[in-house]
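Down below is the structure, laid out as structure tokens.
The values are calculated or read from the model by the stated rules, or taken from the named source; none is laboratory data. As the structure is a computational prediction, the values presented were derived from the model and not from experiment. Cβ sites come from the backbone with ideal geometry, for glycine too, and all protein chains shown count toward neighbours.
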Amino acid sequence: MLIETYEKKYQVLYFVKSTEEIDYFLCKEVVTQDIFMIVKLKNKLQYQEVMSFLYEQKHSETFSDFDDIFISDAYVHIVFRTFEAPSLKIMLQSEANLDIKERLEIARRIQEKMVLLEMPYYFQTEVLEADHIKISPSMAIAFDYSIDHIEKYKDYTFDDVQIALNRLLKMLFEEECRQKTYKPLIVFIKHLQKKPFKNYFELYSAYSEVLFEIGHMSEEELTHSLHWAYVLWEKMKRFFKPLRHFIAVLLWLTVFVYMIYMVRNAMQPAEELMKFKSIGTLNLY
């Protein structure tokens, strides 16, 4: 199956998904062999109010993944750049066993790509789902874009982006969140719940500081748990640390006094033992 414009031909590789209003196809451009996700709007009238918004993305200087929008066979088609690779969701559910360094780098690259693309908040929020993020063997990042809720694009704010990223990071670092290890990362994820950032550049800068801090910590520091019981134990140790020398001296004095008492007691003459002729009604002799 081919999807054609005046300038390009796209070979449909496979059908991705469909709703009553939208079809999604993974395609390969015949000449360049580049991979694209093509979204077909089956009801043009339903999306008439968002068409100007979509055409604006085609002319964006930064949103390079939005490659084209055209009409073919009376249907509107939107073309997004992507590539073939397993999704982050599949990788996390498989036996790939991504180590912490790989997951930290994946999170960095996702955020870096978001900064470079400067997408509208709607697209930023929609792509921050584990099944919408593709990871190549070289850890390149691609997004599977969705327009399932495009009619609500005006309602999205950067708060929605931060909520979506917070949810994604909790999934990506589920083990660390559960064990309360990697303190700078856990603090960042918890702070993100408050939606403190104004834009993605601020957010990415804060995450870069997290990576810098982690890079300068020892393995022992990173793997120390922040669980409440551990934190309580650490506070108790810090509290008693200044007293440990005093306690040690006190113990030695106690032992010394006890030894003197035992020696002096041993030097005393033995007292005559008290003799019992009977115990109760029992005669002993």
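From the set of residues in region 97-137 that are part of a helix (DSSP H, G or I) and among the β-branched types (V, I, T), which is surrounded by the most Cβ atoms within 10 Å (Cβ to Cβ)?
Just the residues of region 97-137 that are part of a helix (DSSP H, G or I), to begin with: 100-117, 121-127, 130-132.
Keeping just the survivors that are among the β-branched types (V, I, T) gives 100, 106, 110, 115, 125, 127.
On the way: I100: 16, I106: 19, I110: 22, V115: 14, T125: 22, V127: 25.
The extreme case among them is V127.
Filtered by the rule that a residue be under 15 Å from F143 (Cα atoms) and not in a strand (DSSP E or B), region 10-38 gives a lone residue, D34.
Which of the residues spanning region 52-91 are farther than 19 Å from I110 by Cα and of a type in the set (V, I, T)? Write out each step before concluding.
Within region 52-91, the subset farther than 19 Å from I110 by Cα is 52-61, 67-79.
Residues satisfying the conditions are I69, I71, V76, I78, V79.
Checking each residue in region 179-197 for being in a loop (DSSP other than H, G, I, E, B) and farther than 14 Å from L165 by Cα picks out K180, T181, Y182.
Considering region 151-192 alone, what residues qualify as being in contact with a helix residue (DSSP H, G or I) (Cβ under 7 Å, 6 or more places away or on another chain), basic (K, R) and farther than 22 Å from M91 by Cα? Walk me through how you get there before you give the answer.
Within region 151-192, the first condition is being in contact with a helix residue (DSSP H, G or I) (Cβ under 7 Å, 6 or more places away or on another chain), and the residues that meet it are 151, 153, 156-158, 160-162, 164-166, 168-173, 176-177, 180-182, 184-186, 188-189, 192.
Keeping just the survivors that are basic (K, R) gives 170, 180.
K180 - this is the single residue of region 151-192 that is in contact with a helix residue (DSSP H, G or I) (Cβ under 7 Å, 6 or more places away or on another chain), basic (K, R) and farther than 22 Å from M91 by Cα.
Farther than 19 Å from N199 by Cβ and in a loop (DSSP other than H, G, I, E, B): which single residue out of E49, E84, E61 fits that description? Give the derivation first.
Numbers: E49 fails: in a loop (DSSP other than H, G, I, E, B); E61 fails: farther than 19 Å from N199 by Cβ.
Only one candidate passes the filter, namely E84.
Name the residue, out of E61, E84, that is under 16 Å from D144 (Cβ atoms) and either surrounded by fewer than 16 Cβ atoms within 10 Å (Cβ to Cβ) or at pLDDT below 95 (or both).
E84
Conditions tested, residue by residue: (1) more than 20 Å from E129 (Cα to Cα); (2) surrounded by 18 or more Cβ atoms within 10 Å (Cβ to Cβ); (3) in contact with a Phe, Trp or Tyr (Cβ under 8 Å, 6 or more places away or on another chain).
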site	(1), (2), (3)
D23	no, no, yes
C27	yes, yes, yes
Q33	yes, no, no
Q46	yes, no, no
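When you look at Y207, is it in a helix (DSSP H, G or I), over 30 Å from E221 (Cα atoms) and at pLDDT 95 or above, yes or no?
On the way: in a helix (DSSP H, G or I): yes; over 30 Å from E221 (Cα atoms): no; at pLDDT 95 or above: yes.
Spelling it out, it is not the case that Y207 is in a helix (DSSP H, G or I), over 30 Å from E221 (Cα atoms) and at pLDDT 95 or above.
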